[in-house]
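Q: Next up is a structure, given as structure tokens.
Rule-based calculations on the coordinates, nothing more; no lab input. Everything numeric in this text was worked out from a predicted model, so none of it was measured. Heads up, the Cβs are rebuilt from the backbone with ideal geometry, glycines too, and the neighbour counts pull from every protein chain shown.
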Amino acid sequence: MTVVRALQPPPEAPLQVARVLHTAGFEAWFVGGCVRDRLLGREVGDWDLTTNARPEQVIPLFARTIPTGIAHGTVTVVLGGSSIEVTTYRVELGYSDGRRPDGVAFTDDLRRDLERRDFTINAMAWDPDRGLLVDPFGGQADLADRCLRAVGRAFDRFSEDGLRTLRAIRFATVLDFDIEPLTFAAIRETLAVFRQVSAERIHVELVKILGSPHAGRGLSWLIESGLLDEFLPGLPLEASSIADALRVAVPSLTVRCALLFGELHDPAAGLTRLKFSLAQRRDILAVLASREIDPEAVLTDADARRFVAKVGKENLDAIEGYQAALSADQTAWSGLFGRLSRCGARDAPVTARELALTGHDVMSRLALPPSREVGRIVQALIERVLEAPELNDAETLAALLPEVAASLRPDER
């Protein structure tokens, strides 16, 4: 147990929960990620407490609690609009499925609780009122050295829960740490355990890796460790070039996913397998569709507006970021996006929704029933406006309706 330098105390609600436990005669320590992030000076997300009090002793101390995981010793205390998880010191009774403990046993020994945790930097406990830090495995030293190290034997930690291998790379990527060599070696040694991890859990960690400023480094670790080939088989041997692209890519999850999944034979299948949402898949695939476009074929302002209509205004920034990271020769694509800016194509009317005349207006003015013909007339109006945006005025378009309708071939009506 050591005395730590003055740290900014936790917010009032979690601090009050700890003090209530102390007043009732129990130990209470902030533990895990909140301690790590406070020592690093990073913003803390969740404030978690560990205590020697059993759940049935915690619950009566507070006006509102939620039995989040009673069997595993966790009670959520709701106080002042905040939710604070309070978990009894525990040891875990084996992992037969490589995902979750077969059972837990409560203990009164804080050290035994800390030694079940994944990494040294997550295995520290802090009492801010007394200024004390319990750090039995050298977490502070590893923070100072910017080193990610497993608690105890890395092979054992990763064999308990296969997700820890991916979490190792995620933590090192997000924090910009090195991975201790024996810890990294154990990732490849426990790939068989990782294969039991669900796609949903992989998705969460992968998104955090790709969202990091150091995503390129993280992808290099995924490749070197063999993890990437486990959940994204089929990437080409030169996948390291993707890591290089990620190093210069804009901080956009859509762009970075496009760079990674775009190397697969079937990007849509890969995104679906790893549980990306429908909206995420749509955006990523829209960016990948830009690979079929020849930027040198966009020769006029009207071409530029047609390009915007084809790819969608909402995808322009992502496509620009993707092509900037991907293309060795930026001349053609930078020229295209320069034209978009000069001619105002980003703001020009390019879809039916942006027309000054609606489908209902077309039916009313031409006395037409709902039909495919109405849709074709609207599309013809869009083509006129793409050529000359100044035509996008209700009366101007209305005056063009007879001519546009007459210009359609009989089989188009």
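Q: What number, rounded to the nearest 500 deg cm²/dmol, is the helix-based mean residue ellipticity at 222 nm of the chain, given -39500 (n - 2.57) per DSSP H run of at least four residues and division by all its residues?
A: -14500 deg cm²/dmol
Q: Now for a different question. Sort 124, 363 so that the residue with the fewest other Cβ atoms within 10 Å of its own Cβ comes first and the one with the most comes last.
A: With the sparsest Cβ surroundings first, the list reads 363, 124.
Q: Also, I was wondering about something else. Can you compute the charge dipole magnitude of the stretch 105-244 about its Cα centre, using +1 on each Lys and Arg Cβ and -1 on each Asp and Glu Cβ, nothing else charged? Give it in debye, rounded to the nearest 20.
A: 120
Q: Within the stretch 153-239, list the trypsin sites (Lys or Arg not before Pro) lying in a DSSP loop whose Cβ has at most 12 other Cβ atoms in a 10 Å radius.
A: Filter output for the stretch 153-239: 153, 195.
Q: Say the dipole of the chain comes from +1 at the beta carbon of Lys and Arg and -1 at that of Asp and Glu; which of 295, 65, 269 then lies farthest toward its positive end?
A: 65
Q: Just need log10 I(q)/I(0) for the chain at q = 0.07, 0.14 Å⁻¹, Debye formula, equal scatterers on the alpha-carbon atoms, no solvent, rounded to two decimals.
A: Ignoring solvent entirely, the Cα scatterers give -0.52, -1.18.
Q: Given the C-alpha centroids of the stretch 293-337 and the stretch 5-32, what is the distance between them in whole angstrom?
A: First find each Cα centre; the distance between them is then 54 Å.
Q: Still on this structure, please answer the following. Report the GluC sites (Glu not before Pro) located in the stretch 27-119 that are in a DSSP loop and have at most 10 other Cβ atoms inside 10 Å of their Cβ, or state none.
A: Taking the stretch 27-119 and a limit of 10 other Cβ atoms within 10 Å, the loop GluC sites (Glu not before Pro) found are 43.
Q: Looking at the stretch 30-90, which trypsin sites (Lys or Arg not before Pro) are DSSP coil and have at most 16 other C-beta atoms within 10 Å of their C-beta?
A: 42, 64
Q: Viscosity 1.306 mPa s, temperature 10 °C: give me the Stokes-Einstein translational D for the stretch 339-413 in µm²/s, with Rh taken as the Kirkwood radius over C-alpha pairs.
A: For these conditions, the coefficient is 125 µm²/s.
Q: Same structure, new question: Quick check: net charge around residue 232, other residues with Cβ under 12 Å of its Cβ, Lys/Arg +1 and Asp/Glu -1?
A: -3
Q: If each residue's Cβ is checked for other Cβ atoms within 10 Å, how do 34, 257 rank with the fewest at the top?
A: Ascending number of Cβ neighbours within 10 Å: 34, 257.
Q: Same structure, new question: Relative to 2.2 N^0.38 Å, what does the C-alpha radius of gyration of the stretch 139-211 come to as a ratio? Two decimals please.
A: Relative to the rule-of-thumb radius for its length, the stretch 139-211 sits at 1.07.
Q: Let me ask you something else. Return the percentage of antiparallel bridges among DSSP beta bridges fully within the chain, rounded to the nearest 5 %.
A: Percentage antiparallel, nearest 5: 80.
Q: When the C-alpha atoms of the stretch 258-314 are aligned to their principal axes, what extent does each axis show, in angstrom, from largest down?
A: Dimensions of the stretch 258-314 along the principal axes of its Cα atoms: 41, 20, 12 Å.
Q: Please report, in debye to the nearest 20, how large the charge dipole of the chain is about its Cα centre when each Lys and Arg carries +1 at its beta carbon and each Asp and Glu carries -1 there.
A: That gives a dipole near 520 debye.
Q: So, one more: Taking just the alpha carbons, could you work out the radius of gyration and Dmax for the stretch 239-343, both in angstroms?
A: 13.8, 41
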